[in-house]
Every structure is written in C-alpha cells, then in structure tokens.
Amino acid sequence: MNIHEYQAKEILRSYDVAVPNGSVISDAQEAEGAAWRIETEVAVVKAQIHAGGRGKAGGVKIARGIDEVKAYAKELLGKQLVTHQTGKEGRTVRAILIEEGCEILKEYYLALTLDREASRIAMIASEEGGMDIEEVAAATPEKIFTTVIDPLTGATEFQARMLCYKLNIPNGLINDVVKLMLNLYRCFIEKDCMLVEINPLVITKDQRLMALDAKFNFDSNALYRQQEVMAYRDLNEEDGREIEASKYGLAYISLEGNIGCMVNGAGLAMATMDMIKHFGGEPANFLDVGGGASEEKVKQAFKIILSDTQVKGIFVNIFGGIMKCDVIAKGIIKAAKEVDLKVPLVVRLEGTNVEAGKAFLEASGLKIETAETIGEGAKKIVELTNQRGGY
C-alpha cells in the first residue's frame with residue numbers, strides 16, 4: 001500500500017526527521033490561507049498523487065507570492081497529471097501540499113527497502129539525490145551505495161557512519177545523519193514497510209538536515225496490525241478492479257494488454273503471462289484465485305476481468321491440487337452466463353477432478369475452447385484475440 005507525500009512526512013516527523021512546514025488543501029479557495037502560514041520567501045506547491053516524477057511532469061511549482069500560490073493551486077487541483085509512473089491515463093490531482101521552501105546546499109538520496117536476494121533489509125544512499133536519481137543509477141551505479149542490515153543486530157551506528165563517509169557528509173553533520181538513518185530503520189521495522197525513500201534529503205545553507213520529499217510503501221500482509229497506516233489509504237489512487245478483487249480475497253493487478261488471465265498460483269500466473277507474450281499477445285491482468293476458491297469466488301474473478309473494456313479474450317489456466325477443476329468449471333459457466341460472454345474463452349484444466357471439470361464445460365453449451373497444455377492454450381487465445389482486432 002502506498003501513501004501520499006504529506007502523509008509520509010507526518011510519519012517522518014514522528015520519528016524525529018525534519019520536514020518543511022506546510023498545509024494540505026483540496027479546494028483552491030483554501031490556498032490563500034495556506035500561503036499566509038508560510039514563513040519563507042517562497043512556497044512550494046506540490047500535487048499529491050501516488051506516483052513519482054511529479055516535478056518533471058509539472059506537478060511541483062515554486063511560488064514567489066500569495067498570488068502565485070493561488071494560481072498554481074487552481075491550475076493543479078483537478079488536473080490529470082501524467083508522469084512516467086502513472087501510464088498514459090495519468091492521475092487526478094485531488095489534493096496539493098503547500099509548504100515552505102528552503103535554500104538547498106546539497107541533495108542526497110536515502111532509502112530502505114527489502115533486498116529479496118539477500119532476504120534482508122538494505123539501506124541505499126547516494127550523494128546524487130534529486131529528480132535524476134534513476135539516471136544516476138543507470139549511468140553511474142558506482143555512485144549508489146548499499147549496505148545490507150543483519151536482522152539480529154538491526155541497523156548499526158557503524159554502518160550508518162560508513163555510509164556517511166562514502167556520501168562525503170560534512171563532519172559537523174555526521175552525528176545528525178547517523179541518528180536520522182537509525183530512526184529511519186526503526187520506522188521501517190515498526191511500520192511494516194516495504195520501502196521508505198527520502199529523495200532528496202538535503203543539507204540547507206544554514207546547515208540543517210531536511211527531508212524535502214518522501215515515499216512509503218507498506219507490506220499489505222501486515223496492515224491488519226497497522227491501523228494508523230490503514231487510515232492513510234486513499235482508494236481514489238487505487239485501481240477500482242483491484243479494490244473489488246481484494247473484497248473476495250483475489251490477487252489482482254491491472255496491466256495494459258487485452259488478454260484476461262485467471263490462474264491459481266502466483267508462479268503459474270507468471271508463467272501464463274510469459275507464454276501469452278511468447279506467442280505475441282499481451283496480458284491484461286495478473287489474477288491469482290488462490291488454492292481454495294469457491295464457485296462464487298471464480299464467478300467474481302471472471303466479472304472483474306470482464307469489467308476491463310480492453311479485454312478481448314480470456315485464458316483460464318488451472319492446475320488443480322487443493323483447487324478442484326470441477327469447481328472452477330462451474331464458476332466459469334455461471335459467470336459466462338450471467339455476463340453474457342462475448343469474447344473468446346480458452347480454458348486449460350489439469351489436476352484434481354479434471355475429467356469432471358471438462359465434462360461440465362462441454363455440457364454447458366457455451367462456446368469455450370479447451371487446451372491440454374499451457375502452450376496450446378496461450379497460442380489459441382492469442383490467435384482468437386488477434387482475429388477480433390488484435391492488441
């Protein structure tokens with residue numbers, strides 16, 4: 001789960017990390033009042049959406065007076081902001097953060113994330129922070145420093161100091177940066193984070209440390225014990241189909257293709273999408289119905305797939321272990337009849353009660369193509385989809 005920048009800064013404040021003073025508004029009429037609370041000569045007006053790259057997309061403005069704050073607020077609120085992370089459809093700006101500006105001496109990048117290869121948390125830092133950090137990572141990876149944290153000891157002062165030396169932190173600020181790094185690690189653990197990113201972390205001209213921007217991502221599996229974090233959830237920033245899927249315990253992620261996928265098991269789902277791409281198609285979604293889905297769950301999964309108007313065909317690929325193929329078949333039949341299915345459907349069933357499942361499909365009277373293997377099924381659905389206009 002992601003949260004907005006202003007929410008991330010509220011969390012950082014509670015862990016003794018300095019952030020600029022500011023106010024969040026959702027109505028342009030509130031801009032003047034927010035501007036009067038700014039004590040610096042300039043104000044920064046920032047669109048609040050769950051995506052990076054806002055600065056390059058025109059979502060961050062520098063205002064040099066109340067009139068400019070009001071103008072930028074009016075310009076940004078309600079705007080469809082398109083960044084490299086939003087996709088071509090962009091995101092609607094429903095809130096903006098108006099905060100104090102600061103005189104920047106030096107920008108850094110600092111983040112904590114899960115290193116899946118090491119199965120540990122990694123602290124990542126660079127003295128080339130700012131909007132171009134992706135380019136830095138790609139062109140000069142030697143400027144990105146990583147330290148892996150032992151879960152038994154947690155982040156140590158020694159590790160933090162070593163990073164400070166690599167980042168060329170001024171001697172007079174090393175203790176402050178070490179404290180910040182250790183606080184950030186504590187925040188990461190206590191809030192069940194998957195990512196905590198400060199970019200940029202700056203040293204101001206008056207020698208203060210400040211987090212000018214922040215991004216948090218939380219482990220969805222741990223949200224049951226993070227009720228304060230859950231209160232930050234903004235459903236407007238999430239895909240409607242993903243929200244609907246979560247109600248039924250379905251793992252669903254929207255993609256940009258036109259072939260809907262319904263599979264049981266994350267590994268099989270990934271293999272199914274790979275096979276579709278191998279034959280020249282593009283998956284419209286990742287959807288894992290899990291190991292113990294009921295007819296109702298399968299029916300709802302089917303409806304969610306078809307709620308995507310880009311879907312021109314569906315591939316159901318089930319390997320029945322705990323999941324029974326006859327249950328899947330009944331759910332497919334029920335859903336296809338309820339939604340008046342008009343797109344090609346290819347079903348590959350294997351495993352528990354597979355013969356019964358195939359018999360149900362054959363007796364349904366519906367136009368359903370079957371396949372014996374994942375490759376045969378992927379090839380069929382790509383061909384059928386292409387006959388309907390392709391991707």
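If you line up the long axis of helix 266-278 against the longest principal axis of the chain, both from Cα atoms, how many degrees apart are they, to the nearest 10?
80
If you average 1/r across every pair of different Cα atoms in the stretch 90-190 and take the reciprocal, what Kirkwood value do you get, in Å? The partial results should precede the final answer.
Working: mean 1/r = 0.0655 Å⁻¹.
Across the stretch 90-190, the inverse of the average 1/r is 15.3 Å.
Which log10 I(q)/I(0) values does the stretch 1-160 give at q = 0.11 Å⁻¹ under the Debye formula, counting every alpha carbon as one identical point scatterer?
Cα-only, vacuum Debye calculation for the stretch 1-160: -0.55.
Residue 352's amide H: which non-local residues (gap 5+, or another chain) put their own amide H closer than 5 Å, with H modeled 1.01 Å from N in plane and none for Pro or chain starts?
It is 320, 321, 325, by chain and number.
To check my understanding: the extent here is largest minus smallest coordinate of the Cα atoms along each principal axis. What are those three numbers for the stretch 3-71, in Å, largest first?
Result for the stretch 3-71: principal-axis Cα extents of 34, 27, 21 Å.
Rounded, prolate or oblate: which fits the stretch 326-391 when a ≥ b ≥ c are the square roots of the eigenvalues of the alpha-carbon gyration tensor, with rounded for a/c under 1.5 and prolate only if a/b beats b/c? Write out the running numbers ahead of the final one.
On the way: a/c = 2.61, a/b = 1.30, b/c = 2.01.
Oblate is the answer for the stretch 326-391, as a/c is 1.5 or above yet b/c matches or exceeds a/b.
So if R0 is 25 Å, what FRET efficiency would residue 310 and residue 350 give, r being the distance between their Cβ atoms, rounded to the nearest 0.05?
0.35
If you average the C-alpha positions of the stretch 236-314 and of the stretch 136-155 separately, how far apart do those two centres end up, in angstrom?
34
For a test of the definition: using alpha carbon positions, the gyration tensor, and the 1.5 limit on a/c, classify the stretch 233-391 as rounded, prolate or oblate. Before the final figure, lay out each step's value.
Numbers: a/c = 1.42, a/b = 1.12, b/c = 1.26.
Judged from the Cα gyration tensor, the stretch 233-391 comes out rounded (a/c under 1.5).
Between residue 32 and residue 153, what's the calculated FRET efficiency when r is the beta-carbon distance and R0 is 51 Å? Round to 0.05. Walk me through the numbers before you get to the answer.
On the way: r = 51 Å, r/R0 = 1.00.
Efficiency computed from Cβ-Cβ geometry: 0.50.
Could you give me the ³J(HN,Hα) list for the stretch 128-136, computed from phi with Karplus coefficients 6.51, -1.76, 1.60 and θ = phi - 60°, whole Hz, x at Gly and Pro?
Result, rounded to whole Hz: 10, x, x, 5, 9, 5, 5, 5, 4.
If Lys and Arg each add +1 and Asp and Glu each add -1, what is the summed charge of the other residues whose beta carbon sits under 12 Å from the beta carbon of residue 195? Walk me through the numbers before you get to the answer.
Values: positive: 191, 215; negative: 115, 192, 197, 219.
It works out to a net charge of -2.
Modelling each spin label as a point 7 Å along the Cα-to-Cβ direction, I'd like the residue 221/residue 204 distance in nm, to one decimal.
A separation of 4.1 nm, rounded to one decimal place.
What is the sum of charges, Lys and Arg at +1 and Asp and Glu at -1, for the other residues whose Cβ falls under 12 Å from the Cβ of residue 137?
Working: positive: 143; negative: 128, 132, 134, 135, 142.
Around residue 137, the charge tally is -4.
Run lengths n ≥ 4 of DSSP H only: what is the helix-derived mean residue ellipticity at 222 nm for the chain, with -39500 (n - 2.57) per run over all residues, to the nearest 500?
Counting only the DSSP helices, I get -10500 deg cm²/dmol.
Need the C-alpha centroid separation for the stretch 1-46 versus the stretch 164-193, integer Å.
For the stretch 1-46 versus the stretch 164-193, the Cα centre distance is 23 Å.
Hey, with R₀ at 35 Å, roughly what FRET efficiency would residue 138 and residue 372 work out to, going by the Cβ-Cβ distance, to 0.05? Walk me through the numbers before you get to the answer.
Working: r = 43 Å, r/R0 = 1.24.
So, using R0 = 35 Å, E works out to roughly 0.20.
With the Cα gyration tensor of the chain giving a ≥ b ≥ c as the square roots of its eigenvalues, does the rule (a/c under 1.5 for rounded; else a/b larger than b/c for prolate; else oblate) give rounded, prolate or oblate?
On the way: a/c = 2.62, a/b = 1.88, b/c = 1.39.
It comes out prolate by the Cα gyration axes.
How large, in Å, is the stretch 133-276 by the Kirkwood hydrodynamic radius built from its alpha-carbon pairs? Intermediate values should be presented prior to the final figure.
Working: mean 1/r = 0.0528 Å⁻¹.
Taking the inverse mean of 1/r over all distinct Cα pairs, the stretch 133-276 comes out at 19.0 Å.
Read the figures in this text as sums done on the coordinates, not as results from a lab. Here the structure is a predicted model, which is why all the values come from computation and not from measurement. We place every Cβ from the backbone using ideal geometry, glycine too, and count neighbours over all the protein chains shown.
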